[in-house]
Each structure stands twice: as structure tokens, then as C-alpha cells.
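Below is one structure, written out as C-alpha cells; the observations come after it.
The values are calculated or read from the model by the stated rules, or taken from the named source; none is laboratory data. Fair warning: this is a prediction, and the values are worked out from it, not measured in the lab. Neighbour counts run over all protein chains shown; Cβ positions are idealised from the backbone, glycine included.
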Number of protein chains: 2
Amino acid sequence: MSTIREVAELAGVSQATVSRVMSGEVPVTESTRQRVESAMQALDYAPNAFARSLASNRSQGVGLMISHLGGPFMGRMMVTLEDRLRAYDKSLLVASGRSDPERERETVRFLLARRCDGMLLHADGMGDDELAALAERLPVVILNRLVPRLAEQCVHIDNVAGGYQATRHLIGHGHRAIACITGPLWKQDATQRLMGYRRAMAEAHLAVDSDCVIEGDSTEAGGRRAVDRLEARGVACTAVVAGNDEMAVGAMARLRELGRRIPGDISVIGYDDEAYAHHLTPGLTTIHAPIEEMAEAAAARLLELTYELPWQGPLVFRPWLVERGTVAGRRD
Amino acid sequence: MSTIREVAELAGVSQATVSRVMSGEVPVTESTRQRVESAMQALDYAPNAFARSLASNRSQGVGLMISHLGGPFMGRMMVTLEDRLRAYDKSLLVASGRSDPERERETVRFLLARRCDGMLLHADGMGDDELAALAERLPVVILNRLVPRLAEQCVHIDNVAGGYQATRHLIGHGHRAIACITGPLWKQDATQRLMGYRRAMAEAHLAVDSDCVIEGDSTEAGGRRAVDRLEARGVACTAVVAGNDEMAVGAMARLRELGRRIPGDISVIGYDDEAYAHHLTPGLTTIHAPIEEMAEAAAARLLELTYELPWQGPLVFRPWLVERGTVAGRRD
DNA sequence: CATTGTTATGAAAGCGCTTTCATGCTGGTT
DNA sequence: AACCAGCATGAAAGCGCTTTCATAACAATG
């Protein structure tokens, strides 16, 4: 690997000049620029990223901390994130928080030690305060969550709108007794979806019996258990809105075991529109979020914050309902 | 951020000693070690990764180049990879090749410029030669592919065994006319799965009519088209083995549209055991590969190659058949 | 022609570590 | 008492860049 010194010698200039040619920020006579450039070519020169980072104190890389790398749309999200970042020659350091608050913190420390210039955070477990403190230290954008005092740095999906739409859809089909299986309520998206549900119910002057809302754990098994809980409590609902597709699937499976037909006896609606939702029979009616757009916005916003690459765009995205086959009118 | 110098001053030792304490490779008197360590604590010291990399000429990071970040098990794979690497305090630079050979090459260059110490490659498009050349430059492990002259650095699934098992299973159920819908044949895994199919057929003295094998594109739509091609050619098969679950799902959907019952009229078997396979009705019989184990082995092997962290383990993994509901005995 | 201002360039000082080499200290050996 | 091996430590030289500061070259001005 050749160094800047060799390039400088070959071009007959100083290292400083080579550096200036690379940065492109400083005027350099056309003839010297050319000499330097051909020297770089001739030596197949690639600057040493570490030396550069050490001297300039920026890494040209951003960290991505993901609460759970295996989550539903992390794949889709990362594809876009990586793509946008690389278009500006920034690298992506990925680290997972493994769904554990303490581990999330440690992951952030890890990324910090790597001195990334900015950070993308999909943090479920960390508190607003910690996030705000971190945002003081370096440019940060929060994914899929709204931290009020950091609103300008949060790119997220309007989850209450999603919960609301799902519930409205059911109400529109004549349902009145609607159960809600939520995700873990310590996660913001779960509480927001629940809020959407409550809002829709309230708007339709439908009472929400506390027996009707079950806190699940976002897994298929959790969906099944939730149905059992509902049964045990003797809740007689004609529809259920689930906090995610996994739980919807689990609930449907259990419901069928108990002899209910979907959507004949009971309607079900999911959330996330995972890849498999339309493979189900019947296809799962669910809420779809524009993950790629969100990722794109997040990358752009971070680039703007960190490297002053200008961008103007929305930070909040609305999800929409995808109608398939798990919702039917209430039988009377 | 405090530097090594400050730590050294506070502890009353030289920078060299602090460095030695950190590396842990060199003997240091217990008392000085303690003084240094408490100084580090007091100053909340974290070494500057760039300075370290520059001086030592290793980045403590490995690059992951993935042919297609959005692929079926990339999520599962990355979770494990990241976890194992981080356990040794190595960071993971992720970059996607976007299913394009040229782009894969560029991605490798990108990672190379970032000076990672080693590289994990899930390369579909690059040639064996290129891979071998790269392996000369730095420690490399190839994921999910076998490059003969780099066998010791390839961690992969035995795809011919998978194709074989799928086909055997069908033959065992009395099927004789078995079609095969493959993935793009320029990808090694697709051709290997096809080889497995051919081997099983040959072993059972079953002729493979060239009309029976259709090259698909690994998508659901491709699965549907493949069925149409089969129909158009007038192939009368009682079973089909698909190159992946996506195509299996597409084929099943199209088959149903054409009035066939699964598995009553025709059996179908997939490959990959994607998350949704068991959600289908009936559940998709498919081939399951131990992705996590593979990822674990890959990480371990790379660590061994790059940082001499010893490890001894298998490099090839056998997939297995998961029986669900899409295969039945041949009706006579 | 002397003076000033402008601009491209070079010299050199770091950035914060690692690593080599030299050194001083200990305790065991003769 | 003299000697040496062994070992912990310090001094200092980089690693390959960026950036400040100084300077040479030149054009413009009075």
C-alpha cells in the first residue's frame, strides 16, 4: 500500500498539497492537481482511513445500534440505510442491543469507543434522558420512536394512527366488542398502538373493558396465550387487534383450535405487514409501515446533522391498512 | 475524552506502561497495573480506536460483505455474527453487494479501503479467482459457498445433501414424476441443490426429463411462472421440489388457481425453512439449514485466521428436512 | 520602483496510540 | 564482593494523515 508521501514525491509536491487535492476544499493550481492525480493513479493510492480519522478527528462512519437485529423489518431497514450512507462514502458499523436495556447501553458505549461520527439508534430500552444526553455528545437520529425533546432527530412511524386505523376498520365492519393484544408496554410503539386503539374506541363511544386488553410479548406463543387469557376471563369479543403480526398469527392458530372460524366467527387484524402476511390463508389484514422511506429519511437526516449534507423531508410517516382476508362484518 | 498520556500522568507511569496494561500481553507488576487501572477508571478513559489502529496496523474490525442484505436468512446470520465478533471486541462493518457482481466487487474495495483486518464474504457474483486473490491479501472466510482451493476458509451448508433429501423424501412417498424449480443457476447454491435432486433421481433410476427442470429466479412470481411453464410443456408431475420457499409458495398459489390440491393432487417441497413456512396452510415441508451454527463457525474461523484465536470445528453443515403438510403419498 | 495584497505551496507540528530499544533494578550465582 | 540473567519500565521513534503557519511568487496599486 502506498502512502501520501510516495504520492507527493512522485508528483514532486508536498504531502500537504496531496492532502489538499484529496479534500477538494482548497484551491490548487490545475497543473499540480493533474500531476497529483496521475501520481495517485500510478501508485493505486488509497488513503489510510485511520490516519485520516486520527488527524481529522472524524471517522467517516456512522454507528447503527439496533435493539434487536433479528426484528421484523431490520433487514429492510438496513438495506436502505446502508445504501444511502454508502452513497456518501460513509461506512456503517452495526451492533445489536439484543432486546436488553443494559445491553443497549453497552452497545452504545462500544460504538462510542469506535468514535463514529454519528449514530442511528433503534433503542427500545434506553430512557429519554439517556438518549438526550447522548445527543449532546454527537449527532444522533432515533429510529421508530419519538423522544419529545429530540423531535427533530426522531424518524418514526405514527403508531397511534396505525392502532387507530386498525380499530376503526373493525368498528367500520360493525364490531363493538374488540379485544386488543398489545406488545410489551414498556416499549413505546406498543403503548402508542394501544393509544390508537383506545382513541378509536372512545370516538365510537365504545367502552374498553380492562379485561379486553392483554399485554402480550410480541411472539406467536404470546398471541396464543393471550387468547387463552381472554377465554379465561370470559371476554366475548367478535374481533381482536393485535400489536404485531406474530401475535396475530398465534392468536388465530389458538382461536382455530378452539373452533372459531376466521373471519367468520371472529375477525383479526395484525400490525407490521411482515413478509408472510399475504401468504397466510386467509391473508392477514394488517397495518403496513413505509420502512424503507423511514430508513431513507433517517439516513438523510443523520447525514445532514453530521456532515452538513442538506436535506429537507418528513420525519413522521403514516402507516396504512392493507385489507386481506381476516376481517369480516359482524354476524348478527 | 481523555488520552493515554493523561492516564499515564495520573498513574505516574509512562504511556508505554499504560499501553502494556491494556494489551495484557506483557508482564506488568501487580501494583502498577492497579494504579493504571484505577487511573483509567477515574478518567473514564477509552482508547482512541484510530490511533490504535494506525499504530498497530490492525483495525480490530471485520468487514461483512453480503450479496443481498435483504435475503432470507441474513437477519439470523448477522445476529450471530455480530454477537460472536463483539464477544472479542471486534466491530462489524456491513456492506451490501445488492445482488450484482460488479457491485460486489466495489463493495469489497470499499471494505478494503476501510482496512478491515478480515472479511466475511457472502458473495454470489464474484468468481472463484477473485475470491482466491482476495484471500491472498487478507484473512477471509466465505459464507455459504464452497471455493475448492479455499476449502479451509469456506463455511457452508451442504446444498446437494439438501436437494437430495428433499427429492428422496418425495420418492419415498411414491412419487416418480418430480419436477424441479431451481434458483438462478449462476449461483452456486442453486446448482448444488439441483445436483442433489439429480443424484436422488438417478439413484432411484428415475429419468430426469429436461422439461422437468425449470430455472426460476427465487421469487414468488418466479414460482408461479415456473408452474405455467410446466403446464405449457405438458409436464405431468405429481410433485415438485422448489429451490427455495418463496418459489414454493408461488408455485403452490398458482397450482391452486389451476385447481390442484396440495398435497392431495400434487406435493410441494421448499428450501430454507423461512420464518413463515410453518404459518402456511398446510405447513410447508421444507429443508432447514442451521444458519446460526454456520454463522458461529464462520465468525470463529475468521477470528482464528485473523487474530489467532484458536478454534476447531466443522466448516460444512448438513441441512435437514422438516416435515409439515405439503407432501403426501402419490395417489394411484 | 517600492509597497501591499493575494494565492498556491511547503515545513512542520501534531493526532493518540504501539513498539523497539535501552536502562535500571532485583536476586541468584560464583 | 563481583557478576549476570531476568524483568519491569521509560524514552522515543514512528504509523499516515490534516492543518496551521510561514513563505515564495506574483499581480495590482500608488
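Select from segment A:96-106 the residues that are under 17 Å from the mean Cα position of the chain (by Cα) and of a type outside the set (Gly, Ala, Ser) and list them in ascending order.
Across segment A:96-106, the qualifying residues are A:Arg98, A:Asp100, A:Pro101, A:Glu104.
Quick check on segment A:11-25: of everything there that is β-branched (Val, Ile, Thr) and more than 6 Å from DNA strand C (Cβ to nearest atom), which residue is surrounded by the most Cβ atoms within 10 Å (Cβ to Cβ)?
The qualifying residue surrounded by the most Cβ atoms within 10 Å (Cβ to Cβ) is A:Val18.
All but one of (1) among the basic types (Lys, Arg); (2) over 21 Å from A:Met74 (Cα atoms); (3) more than 16 Å from DNA strand D (Cβ to nearest atom); (4) not in a helix (DSSP H, G or I) hold for B:Arg98, so report the exception by its number.
(2)
How many of the residues making up segment B:36-90 are at the interface with chain A (Cβ under 10 Å from one of its Cβ atoms), farther than 24 Å from B:Pro310 by Cα and buried (at least 22 other Cβ atoms within 10 Å of the Cβ)?
5
Out of B:Thr219, B:Thr238, which single residue is farther than 28 Å from A:Gly250 by Cα and of a type in the set (S, T, N, Q)?
After applying the criteria, what remains is B:Thr238.
I need the strands (runs of 3 or more DSSP E) fully contained in segment A:171-289, keeping only those with at least 1 residues that are free of Cβ contacts under 8 Å to residues at least 40 places away in the same chain and among the acidic types (Asp, Glu).
A:213-215
Has segment A:128-144 got at least one residue that is buried (at least 20 other Cβ atoms within 10 Å of the Cβ) and within 14 Å of another protein chain (Cβ to nearest Cβ)?
The answer is no; no qualifying residue exists.
Let's see how each residue does on (1) of a type in the set (A, V, I, L, M, F, W, C); (2) under 19 Å from A:Arg168 (Cα atoms); (3) more than 30 Å from the chain's Cα centre (by Cα):
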site	(1), (2), (3)
A:Cys212	yes, yes, no
A:Asp217	no, no, no
A:Arg229	no, no, yes
A:Arg233	no, no, yes
A:Gly243	no, yes, no
A:Leu255	yes, no, yes
A:Ile269	yes, yes, no
A:Glu274	no, no, no
A:Ile287	yes, yes, no
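Which residue out of B:Phe110, B:Phe73, B:Phe50 is within 11 Å of DNA strand D (Cβ to nearest atom) and of a type in the set (Phe, Trp, Tyr)?
Being within 11 Å of DNA strand D (Cβ to nearest atom) and of a type in the set (Phe, Trp, Tyr) holds for just one of B:Phe110, B:Phe73, B:Phe50, which is B:Phe50.
What are the residue pairs meeting all of these: first residue in segment B:42-58, first residue aromatic (Phe, Trp, Tyr), second residue within 6 Å of DNA strand C (Cβ to nearest atom) and assigned to a helix (DSSP H, G or I), Cβ atoms under 7 Å, and 6 or more apart or on different chains?
Listed pairs, sorted by first residue: B:Phe50/A:Leu54.
Just one of the numbered conditions (1) closer than 25 Å to A:Arg261 by Cα; (2) at pLDDT 95 or above is not true of A:Asp211; which one?
For A:Asp211, the failing item is (2).
Of the residues B:Glu82, B:Glu37, which is of a type in the set (D, E, K, R), more than 16 Å from DNA strand D (Cβ to nearest atom) and either touching a His at 6+ places or on another chain (Cβ under 6 Å) or not assigned by TED's automatic domain parsing to the domain that holds B:Asp273 (or both)?
Going through B:Glu82, B:Glu37 in turn, just one is of a type in the set (D, E, K, R), more than 16 Å from DNA strand D (Cβ to nearest atom) and either touching a His at 6+ places or on another chain (Cβ under 6 Å) or not assigned by TED's automatic domain parsing to the domain that holds B:Asp273 (or both): B:Glu82.
If the Cβ limit is 6 Å and pairs must be 6+ apart or interchain, which residue in segment A:91-118 that is within 8 Å of chain B (Cβ to nearest Cβ) pairs with which residue that is modelled with pLDDT under 90?
Between residues of segment A:91-118 that are within 8 Å of chain B (Cβ to nearest Cβ) and residues that are modelled with pLDDT under 90, the close pairs are A:Ser91/B:Arg114; A:Leu93/A:Arg114; A:Ser96/A:Leu69.
Restricting the first residue to segment A:13-25 and requiring it to be under 22 Å from A:Asp89 (Cα atoms) and away from chain B (no Cβ under 14 Å), which pairs with a second residue that is near DNA strand D (Cβ under 6 Å from one of its atoms) and outside any helix (DSSP H, G or I) meet a Cβ separation below 9 Å and a spacing of at least six or different chains?
Sorted first by the residue in segment A:13-25, then by its partner, the pairs are A:Ser19/A:Pro47.
From the list A:Arg114, A:Arg52, exactly one residue is in contact with a helix residue (DSSP H, G or I) (Cβ under 6 Å, 6 or more places away or on another chain) and either within 16 Å of DNA strand C (Cβ to nearest atom) or not aliphatic (A, V, I, L, M) (or both). Which is it?
A:Arg114
Determine, yes or no, whether A:Gly125 is buried (at least 16 other Cβ atoms within 10 Å of the Cβ), in a helix (DSSP H, G or I) and either within 14 Å of chain B (Cβ to nearest Cβ) or within 20 Å of the chain's Cα centre (by Cα) (or both).
no
In segment A:123-137, what residues are in contact with a helix residue (DSSP H, G or I) (Cβ under 8 Å, 6 or more places away or on another chain) and of a type outside the set (Gly, Ala, Ser)?
Across segment A:123-137, the qualifying residues are A:Asp124, A:Met126, A:Asp128, A:Glu130, A:Leu131, A:Leu134, A:Arg137.
Name, by its number, the condition in (1) buried (at least 22 other Cβ atoms within 10 Å of the Cβ); (2) closer than 30 Å to A:Trp311 by Cβ; (3) touching a Lys or Arg at 6+ places or on another chain (Cβ under 7 Å); (4) not small (Gly, Ala, Ser) that does not hold for A:Ile157.
The single condition A:Ile157 does not satisfy is (3).
Take the residues of segment B:10-32 that are within 12 Å of DNA strand D (Cβ to nearest atom) and within 24 Å of A:Glu106 (Cα to Cα): which is nearest to the chain's Cα centre (by Cα)?
Among them, the one singled out is B:Ser23.
Could you tell me which of the residues B:Leu43, B:Leu64, B:Leu81, B:Leu69 is closer than 30 Å to B:Met126 by Cβ and touching a Ser or Thr at 6+ places or on another chain (Cβ under 8 Å)?
Of the residues listed, the single one that is closer than 30 Å to B:Met126 by Cβ and touching a Ser or Thr at 6+ places or on another chain (Cβ under 8 Å) is B:Leu69.
In segment B:291-311, what count of residues is obtained for those that are in contact with a helix residue (DSSP H, G or I) (Cβ under 9 Å, 6 or more places away or on another chain) and in contact (Cβ under 8 Å) with a residue 12 or more places away in the chain?
14
If you go through segment A:1-10 one residue at a time, how many are away from chain B (no Cβ under 14 Å) and either near DNA strand C (Cβ under 9 Å from one of its atoms) or of a type in the set (A, V, I, L, M, F, W, C) (or both)?
Residues flagged as away from chain B (no Cβ under 14 Å) and either near DNA strand C (Cβ under 9 Å from one of its atoms) or of a type in the set (A, V, I, L, M, F, W, C) (or both) within segment A:1-10 amount to 3.
Going through A:Gly234, A:Gly325 one at a time, which residue ends up being surrounded by fewer than 17 Cβ atoms within 10 Å (Cβ to Cβ) and either touching a helix residue (DSSP H, G or I) at 6+ places or on another chain (Cβ under 6 Å) or under 18 Å from A:Ala177 (Cα atoms) (or both)?
From the options A:Gly234, A:Gly325, the qualifying one is A:Gly234.
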